[in-house]
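Before any comments, here is the structure.
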Amino acid sequence: MKMLDRVVIAFSWISAVIIVGAVCAIFGHIILNGAGTIKLSLIFGDVAPLDALLLKRQVLNGLFPAVIGTLLLILISVMWAVPLGLGTGIYLAEYAGAISKKIFNLFFDILAGIPSIVIGLFGFALAIFLHKNVSNNIGPCLLISSMALAFLVLPYIIRTTQVALEELPREMRLTALALGATRLQNIRHVLLPRALSGITTGVILAIGRCAEDTAVILLTGVVAMAGIPHSLMGSYEALPFYIYYISSQYTSPEELLTGYGASLILLVLCIGLFSAAFLIQKRLTYITLYRA
Amino acid sequence: MKKQLVLMMVAGLMGCMFWTQGMVLAGSLDAFKNEKGTIKVAGGTAHIPVMKEAAKQIMTVNSDIQITIAGGGSGVGIKQVGEGLVDIGNSGRKPTDEEIAKYGLKPVQWAIDGVAIVINPKNIIRKLTGTQVKDIFAGKIDNWKQVGGEDKAVSLYTRDEASGTREVFWEKGLGKGEISSKANVVVSNGAMKTAVAQDPYAIGYVSVGHLDQSVAPVSFDGVEPTLESVKSGKYPIARGLYSMTKGEPKGLAKKLIGFLFSPEGQKIISEKGFIPVQ
Amino acid sequence: MSPTREYLYEKGFLFSAILSGSIVFLIFAFMLIMGLPLFKGNQVVALIKNDWLPARGVYGIYPMVVATLAISFFSLALAFPLSLGCAFFSGSIAPPRIARVFRKMIQIMTGIPTVIYGFVGIFLLVPIVREFTTSTSGLCIFSASLMLGIMISPTLILFFTDSLEAVPKSFLDAADALGATRVQKLLYVMVPQAKKGILAGLILALGRALGDTMVALMIAGNAARVPESLFDAARTLTAHIALVIAADYESFEFRSIFACGLVLYAFIALMVLGVRWIGMTNKR
């Protein structure tokens, strides 16, 4: 049996080394090539940072529009997804019967598994539908993209809210009710505050997902050049799309380096967000991302 | 939203006041001062460098104007402007009569461009005959040694279905011959250039305006793809660059198209490697 | 707080739940409606069986289905042993301090955006594959599967590790009491107990691999042809959607992407049901 022991031990060490090697290769490649480009001019081009931030002048040679686009996407998507997801999660945890809970959970597991490009396709079809039947002004745009992204991350928020609430100890639920509080008061004043860390985890995961997604925005309104979007109906730029675009269409080595710089920024942003989520609530993050 | 509508109408009125006979408004950058609004542009990827530069100059003069530029290929440009999703659609091929009739398009040609066959600079081949090109892209010739190069398999690259560049190449370069389904598909002229520049055994086709040191053009039946040969008509794989609007161009879109015919616009077009057309 | 307000809030929560739930249906419905012209008559079979030859008016998605399955299964085949080995490593074989650091690293790895995997793949992996294999350009199923395998590994590793750790301590104690070595405990006690979890993790990872767009779009070459070898370029259902979105909204070409969407939706629904079924037969 000693032979088997040795083989398995060797196997696990080799696997670990391979994975570590791969991670180091990825991080190393991005950091080594991108670190040199991190300066203000990467983001603001040849416009003074203050002018750009106050929107006095448009930045045409830097990542600023892409950064703003990504931030706007995150903001608006979360604005759609959080109320809807929170309400759904509360319903599932507090009001739903066993059977409806099972059915809803099945639906949301499916929603969680739907490929992002299919959600993007849905967003695009929705945009065309609205364009033809509601108003000529509507087309693939910031609004549609953020709605589609909201659908993408809805399962995250629903799951974390639901699980966070369900995991609260029974005694906690019963105490307030025993003292005469209504169900709603119980939820609002007792349960939700306790479940807050879980819910926050869900929101952070949602933010991370919105920041990194490329497939959805590819189909719903992101473009190669747009400056700062003037309205919700306008096109916009975004960091992950910039990276994709540059990787296939760079016109000079300097441009390619800006792609590395953008990758570095996106990498730091997403890793930061996911790590924060893990720190706040490790178990919930697992469950949200990988629940069977 | 309503405010923008009003401003667009005012801009349109002002545009009408400047309307010159027959041609679209002759504008220069001054025409864009004191304007406000958005112009959405989409379509041919060959047009993008010119559009981007024009947009940059306009947005620098007036940061209240937003010009958004998307690629997608000539097919996308025609469809999206026809459906009213963008204000200006770019196309690297002339829209068909059906397309013009179906959408009520008004195309305008502002440049002549060629489609060059390109390979990686490391490849020693510098000329190919028409038949060789046809066979390579059909997959019949699949090793570089069959045309005098190294003993390495040919790496074929082609464009997606929406591409006007592809349409023109297929018609005039391949005589409507088949393009092997084994070919790698890339989505724009820029992407084609990058792909060929990175792959030592690649062959593809790209807009002449996009040519630079990263790729090596190949002479086609003895004719080099240069601006002169395209202009003189000697190089057969040539096409116009078109921009179109649904119906007559109005407002800011009209000004942008007009800008392309102005001295500054024409300068941008030639700088980017195309032949400006009045 | 008045009873009506209570009632309203409760109905409000119910409403959000119904709205969220209906999105799942809406997505399916839109796909179906937009793809409808394709499904008339016996065209359904042709759709799935045919090759993609738009120049000849043939709009089958068969090559894309094959490519999707090929890339997904191959990347899973690469990721499974790798992740299992790493799960062994962090769950049992490695010294506690190293295991902790390793796990932290894997957690961080889950945050890497997919577009970055594609980006690094193009510039790091593709040239190598081009030089050392029969792939002419380096853009092929093999490269894409490699990158994809690495991408789905962290999720798999964490899942497997959790499953291994969920084994009741009493089992582990019993094994120790009987004098089992680390490896024997792992192989004969922990893994069998974690079997259901491992299977569920695999199915979830498969789902993720099936649904990936960016890695396949950037690295697999996008040739719309049934691949004949691992080193051929190929186009997945997901990449096809991204590439054809450009076409005429009325054409069959365009409708084909909704067919792709439906196929993907169906795959995922099957996976989810499959995982549920495993969970349900896991009555303790």
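The values are calculated or read from the model by the stated rules, or taken from the named source; none is laboratory data. Note that the coordinates shown come from a computational prediction; the quantities given were computed from them, not determined experimentally. As a convention, Cβ positions derive from the backbone with ideal geometry for all residues, glycine included, and neighbour counts pool all protein chains shown.
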Notebook entry, point to check: Counting only residues that are without any contact (Cβ under 8 Å) to a residue 24 or more places away in the chain and farther than 18 Å from C:A223 by Cα, which one in the stretch B:164-181 is nearest to the chain's Cα centre (by Cα)?
Noted result: B:E171
Notebook entry, point to check: Restricting attention to the stretch C:175-199, which residues are assigned to a helix (DSSP H, G or I) and over 18 Å from C:G91 (Cα atoms)?
Noted result: C:A177
Margin query: Test of understanding: among B:K79, B:K52, which residue is within 30 Å of B:E171 (Cα to Cα) and in contact (Cβ under 8 Å) with a residue 12 or more places away in the chain?
Written below: B:K52
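Against the definition (of a type outside the set (G, A, S), within 16 Å of the chain's Cα centre (by Cα) and over 30 Å from B:K140 (Cβ atoms)), how does B:V206 come out, yes or no? I'd like the intermediate steps shown before the answer.
Values: of a type outside the set (G, A, S): yes; within 16 Å of the chain's Cα centre (by Cα): yes; over 30 Å from B:K140 (Cβ atoms): no.
Against the criterion (of a type outside the set (G, A, S), within 16 Å of the chain's Cα centre (by Cα) and over 30 Å from B:K140 (Cβ atoms)), B:V206 does not qualify.
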Notebook entry, point to check: Within the group C:A216, C:A177, C:A224, which residue is in contact with a Pro (Cβ under 7 Å, 6 or more places away or on another chain), more than 8 Å from chain A (Cβ to nearest Cβ) and at pLDDT 85 or above?
Noted result: C:A224
Notebook entry, point to check: Hey, C:E253 hits all of (1) closer than 17 Å to C:P63 by Cα; (2) at the interface with another protein chain (Cβ under 10 Å from one of its Cβ atoms); (3) modelled with pLDDT of 85 or more but one; which does it fall short on?
Noted result: (3)
Item checked: Filter result (within 13 Å of another protein chain (Cβ to nearest Cβ), surrounded by fewer than 24 Cβ atoms within 10 Å (Cβ to Cβ) and of a type in the set (V, I, T)) within the stretch B:70-111 -> B:T96
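Here's the yes/no breakdown for (1) away from chain B (no Cβ under 14 Å); (2) in a helix (DSSP H, G or I); (3) surrounded by fewer than 21 Cβ atoms within 10 Å (Cβ to Cβ):
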residue	(1), (2), (3)
A:G227	no, no, no
A:L232	no, no, yes
A:Y242	no, yes, no
A:T251	no, no, yes
A:L256	no, yes, yes
A:R283	yes, yes, yes
Next item on the list: Under 6 Å between Cβ atoms, at least 6 apart or on separate chains: pull out the pairs that start in the stretch A:120-141 with a residue that is within 13 Å of chain B (Cβ to nearest Cβ) and end on any residue that is assigned to a helix (DSSP H, G or I) and surrounded by fewer than 23 Cβ atoms within 10 Å (Cβ to Cβ).
Entry: A:I138/A:L130; A:I138/A:H131; A:G139/A:H131
Item checked: Subset of the stretch A:93-122 [outside any helix (DSSP H, G or I) and surrounded by fewer than 17 Cβ atoms within 10 Å (Cβ to Cβ)] -> A:G97
Check: Has the stretch B:142-149 got any residue that is within 14 Å of chain A (Cβ to nearest Cβ), touching a strand residue (DSSP E or B) at 6+ places or on another chain (Cβ under 8 Å) and in a strand (DSSP E or B)?
Finding: no
Margin query: For the stretch B:27-69, which positions are more than 9 Å from chain A (Cβ to nearest Cβ) and small (G, A, S)?
Written below: B:G27, B:S28, B:A31, B:G43, B:G44, B:A46, B:A54
Margin query: Every residue in the stretch C:141-182 that is in contact (Cβ under 8 Å) with a residue 40 or more places away in the chain and farther than 30 Å from C:M214 by Cα, please.
Written below: C:L164, C:E165, C:R182
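Okay, residues lined up against (1) facing another protein chain (nearest Cβ under 8 Å); (2) surrounded by fewer than 18 Cβ atoms within 10 Å (Cβ to Cβ); (3) at pLDDT 85 or above:
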{"residue": "A:L184", "(1), (2), (3)": "yes, no, no"}
{"residue": "A:T201", "(1), (2), (3)": "no, no, yes"}
{"residue": "A:S247", "(1), (2), (3)": "yes, no, yes"}
{"residue": "A:L266", "(1), (2), (3)": "yes, no, yes"}
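Residue-by-condition table, conditions (1) without any contact (Cβ under 8 Å) to a residue 60 or more places away in the chain; (2) over 24 Å from A:R209 (Cα atoms):
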{"residue": "A:W13", "(1), (2)": "yes, yes"}
{"residue": "A:I18", "(1), (2)": "yes, yes"}
{"residue": "A:A22", "(1), (2)": "yes, no"}
{"residue": "A:L40", "(1), (2)": "yes, yes"}
{"residue": "A:D46", "(1), (2)": "yes, yes"}
{"residue": "A:P49", "(1), (2)": "yes, yes"}
{"residue": "A:T70", "(1), (2)": "no, no"}
Check: Which residues, counting only those in the stretch C:46-72, are at pLDDT below 90, under 24 Å from the mean Cα position of the chain (by Cα), aliphatic (A, V, I, L, M) and within 11 Å of C:A224 (Cβ to Cβ)?
Finding: C:I61
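Out of curiosity, is A:I158 among the β-branched types (V, I, T), surrounded by 24 or more Cβ atoms within 10 Å (Cβ to Cβ) and within 13 Å of chain C (Cβ to nearest Cβ)? It would help to see each step written out before you state the result.
Details: among the β-branched types (V, I, T): yes; surrounded by 24 or more Cβ atoms within 10 Å (Cβ to Cβ): yes; within 13 Å of chain C (Cβ to nearest Cβ): yes.
Yes, satisfied.
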Check: When residues of the stretch B:197-249 are filtered for being closer than 25 Å to B:Q80 by Cα and surrounded by fewer than 18 Cβ atoms within 10 Å (Cβ to Cβ), how many remain?
Finding: 2
Notebook entry, point to check: Within the set of pairs 6 or more residues apart or between chains, which connect a residue that is of a type outside the set (S, T, Y) inside the stretch B:126-138 to a residue that is part of a helix (DSSP H, G or I) with Cβ atoms less than 8 Å apart?
Noted result: B:L128/B:I136; B:L128/B:V147; B:G130/B:G173; B:Q132/B:V147; B:V133/B:G173; B:I136/B:V147
Item checked: Unique residue being in contact with a Phe, Trp or Tyr (Cβ under 9 Å, 6 or more places away or on another chain), more than 14 Å from chain C (Cβ to nearest Cβ) and closer than 29 Å to C:D212 by Cβ when the list is A:I30, A:I68 -> A:I68
